[in-house]
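S.K.: Starting off with a structure, shown below.
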Amino acid sequence: MIAYTSDFASTFARTVYNEEFVSVFLRTTRVGIVVAMLASLLAYPLAYYVGRSSPFVKSFFKTAVFIPLMVNPLVRSYGWIIILGREGLLNSMLTALRLLEEPVRILYTELAMELGLLELFFPFMFIPLLSAMENLSEETLMAARSLGAGPIRTFINIVFPLTLKGYIVGLSVILAGCAAAFVTPTLLGGFRNRTLSMLLYEYIDIRLSWGAATATALSIMLTVFSVNILLTYLGKVAVKGR
Amino acid sequence: MKSFFCVLSLLTLALLLSPIVMPLLISFSTFESISFPPQGFTLRWFANVFNYESFMNGFLASSSIALVSSFSAIALSLPSSYVLYRHKALKMKGLMESLFTLPMLMPEIVLSYMLLLFVCRALGVVSLLSLIVGHMLVVMPFGMRVIYASLSNLGVDIEDASVSLGRDRLGAFLEVVLPNIKHGFVGGFLTCFMVSFNAVSISLFLSYGEAVPLPIAMLNYLQIRYDPTIAALSAMLVVFTVGLSAVVEKTVGFVSGVR
Amino acid sequence: MAIAVVASASLGYWYYVSTLPQPPTTLYLSHWGFGWDDIKKIVIEPFEKQYNAKIVLISGTTSERYTKLTTKAEPIPDVAFFPDYYTYMAVEKALLMKLDLAKMPNYKKLFKALVEQIPPSLSPYGVPFTIQDLGLAYRTDKHPKITSWKDMWRDDFKGMILMPTMTATSGPMVLVMTSLTYGGTQTDVEAGFKAIETLKGRIVTFYTRSADPQTLMERGEVELAPVLRYNWAPLKKLAKPVDIIYPTEGSVYVLNMISIVQGSKNTELAYKLMDFWLSTDIQKALAVAGVDAPVNSEVSLPRDDPFNITPVFNKPIYLNPEVLAKNLSGWVDAWKKRIES
């Protein structure tokens, strides 16, 4: 038993403490953070607006945001390939509008992965934020305004703390999801931009290295769990402080 | 201000929905490659989808696997949700709750790998059963959540009332609780079905020779060809899953029930 | 009375059953699946008819199918198609059956020059059915002519190069070719690694799937790619103008082999399929359809037909499967770390 554990420990060390793994890990983190940031920037204002609109608008957005979740990630990535390719929608439009002289490479870069993951996980950020925004009472906001707070202060001191719980839920789903997503990064980023989950697949199906695969799987799990725990803790602290 | 929000919403909607709409547009193109803009109009690729045996088999395989795993997941979630719900004071409740939702927190790919390791490698069993069990594990938390939510909405009172009026526990359950959570039941089943139908990672690792699930059949097709048949198939899948979720919405109002 | 009825009924039934056609024997094939439409028409359907067989295809990339073979994933194929160095790896793991070459008369018709190169540790376990030699495909409308392997390093190809992963059939071939071009050998590929490292920033992505070179060329994502012979026909069919050259440094090639998997219960039928695949008519039909180049020396193709492989004999460089098999996992790891990161 001890021999087994120590043997595994050395495999783990060998897999993790090398340049390749570190660069893949950094990339995965980078992608996760970028997607989380983009999602926050997009979701917050939208949730704020929708959360205080008519029920019709609310249910419209809820449905619109929900539909992509029901579609296979393979299909969605395929759609992105059509949009982001060198001769795809985006490039054709931009060159037709003379905004670009020549088509630009988007596909097979980290950016393409991030866009795909953003589309994949945006609903998971939007929906919790939306419910949080719905619970925001109009009176609180009016009170703040009547006390002279500008929009930025209102946001920092009132909106953000009150919606923090929802935001943290969204963040944890996004970060965990980006570490674990497989189909989207593979199709949109290619083998040059590997993430942890792609590395795991590689070790199993291509490099046939079960020890390294287990080490990678463990790393993914540890990362996801620690991110979750960290965010939950931050959430509790922030709420207490208010 | 209003216009800013309008622009923002349009942008977001474009972001979310364009990848789903794109395959639909391309699927009618006569052009054999998948570039934009599409040219011409043909239904050839749709016909191709039906002609390709792997896709038809894949659809059947995915649907059957989804049916079986959803059914078993619901069958297991129902009693577990019920127990969790009834015995609120149960000390282990928090732990049990986390245990049941664990597969959802765990990345699907890690779950598939662990199954691969423990079931296939250790026991030397690579069979349809491991694939179904895998799907069931992935799908169960979703089912549990929906059923648990509808149980909570129901409240214990009705059941207690019927017991106090003389019905025994099991009868009360069957006659009072079940009919009232019918919506949750159906909604949960359909949600499980869709999650299983769309699950890629787990099918990738555990796929059993002849029963190739549809997403894997699609990936295999991309191995050997590159024409818009995939776009046509994607378009059909979109219609299928969106239609199914509309049915869920009608029966259960799942969207409004989310968080 | 009752006994008479039962007796005559059972006799009648027995007679009926004996005249029923024999159910076809099912044969499981592990093959890439590439070009299967043509293969089905040319090889599979006539074979099924002639020998009362039913062929079931298990498709996938080389490495996927090899993994399945090693983990004994069901359904276990009867007949397996692999590049020769993967066949060798399977032989080392005792996964393949030793063949009785006398059972395949068409074997004698294969090019002696090719057959003699196969190491004796490998030849009893697989029969070559086609040759995969390495060429360079490029967009003729966007780039001036290329003639040498070193043209890959030309500046006009910056950011438009496609490379295989090391587990694609062409992967090790690209590495060895580069190594030989830059002064290394088949076994010592350090020169190859160093040269490709200088190319890193110019590579778009790495492909694993058989159809990727033509897909990416078609979509304009890449304009230069090392390709194998099976990419020839699809590349020529693209809307974009593409040409494939065989570099002046030589033709690096491997042989694709058919083998019978250990434990197969339909060996007789398997032998018949392999012999069928090697027959002159079938080999010629496959070449004409643009599926696989023939290794049967009796196939006559016009000189300028792309599938006439005699040009390969100008400067053939056969990659020794033993060498490839031994080094593969080390190269895969190094490739991933040094090139794909």
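S.K.: How tilted is helix C:2-19 with respect to the longest principal axis of chain C? Cα atoms for both, answer in degrees (0 to 90, nearest 10).
M.R.: 30 degrees
S.K.: Which whole number in µm²/s is D for the protein assembly as shown by Stokes-Einstein, with the Kirkwood Rh taken over Cα pairs at 4 °C and 1.567 mPa s?
M.R.: Calculated translational D: 44 µm²/s.
S.K.: Just report the Cα centroid separation between the range A:33-98 and the range B:178-218, whole Å.
M.R.: Using only Cα atoms to place each centre, the spacing works out to 25 Å.
S.K.: A further question on this structure: So which lysines can C:K68 reach, going by Cα to Cα under 16 Å and dropping same-chain residues fewer than 8 places off?
M.R.: Answer for C:K68, where 16 Å is the Cα cut-off: C:K93, listed by chain and number.
S.K.: Could you give each residue of the range C:64-76 its phi-based ³J(HN,Hα) in whole Hz, using Karplus coefficients 6.51, -1.76, 1.60 with θ = phi - 60°, and x for Gly or Pro?
M.R.: Rounded to whole hertz, the list is 4, 5, 5, 4, 4, 5, 5, 8, 6, 5, 7, x, 6.
S.K.: Related question: Compute the distribution of all C-alpha to C-alpha distances in the range C:1-133, in bins of 10 Å from 0, and list the percent of pairs in each, rounded to whole numbers.
M.R.: Once binned at 10 Å, the Cα pair distances of the range C:1-133 give 10, 30, 31, 11, 9, 7, 3, 0.
S.K.: Let me ask something additional. What does the C-alpha gyration tensor say about the overall shape of the range C:248-341? Classify as rounded when a/c is under 1.5, otherwise prolate if a/b is larger than b/c, or oblate.
M.R.: oblate
S.K.: Greater than 20 Å separation of Cα atoms is the criterion. Which listed pairs, C:K142/C:K240; C:K109/C:K326; C:K98/C:K265, meet it?
M.R.: C:K109/C:K326
S.K.: Sort C:H31, B:H183 by Cβ crowding within 10 Å, fewest neighbours at the top.
M.R.: Ascending number of Cβ neighbours within 10 Å: B:H183, C:H31.
S.K.: Kindly write out, for the range C:163-179 in residue order, the coupling ³J(HN,Hα) from the Karplus curve 6.51 cos²θ - 1.76 cosθ + 1.60 (θ = phi - 60°), rounded to whole Hz, with x marking Gly and Pro.
M.R.: Couplings: 10, x, 6, 5, 8, 6, 3, 6, x, x, 5, 4, 5, 5, 4, 4, 4 Hz.
S.K.: For chain A, just run the numbers: alpha carbon Rg, then divide by 2.2 N^0.38 Å, N being how many residues it has.
M.R.: Cα-based Rg divided by the globular estimate yields 1.20.
S.K.: Could you pull the Rg and Dmax for the range A:134-177, using just the Cα atoms, both in Å?
M.R.: 12.9, 41
S.K.: Loop only per DSSP, at most 14 neighbouring Cβ atoms within 10 Å: give me the trypsin sites (Lys or Arg not before Pro) in the range C:1-84, ordered by residue number.
M.R.: C:K72
S.K.: Let me ask you something else. In sequence order, what are the phi-derived ³J(HN,Hα) couplings for the range A:15-26 according to the Karplus relation 6.51 cos²θ - 1.76 cosθ + 1.60 with θ = phi - 60°, rounded to whole Hz, with x for glycine and proline?
M.R.: For the range A:15-26, the Karplus curve yields 6, 7, 7, 9, 4, 4, 4, 4, 5, 5, 4, 4 Hz.
Any read-out appearing in this document is the output of simple, stated calculations on the displayed coordinates, not a laboratory observation. Model, not experiment: these values are computed from the prediction. Because the Cβ atoms are built from the backbone with ideal geometry, glycine has one as well, and the counts that use them run over all protein chains shown.
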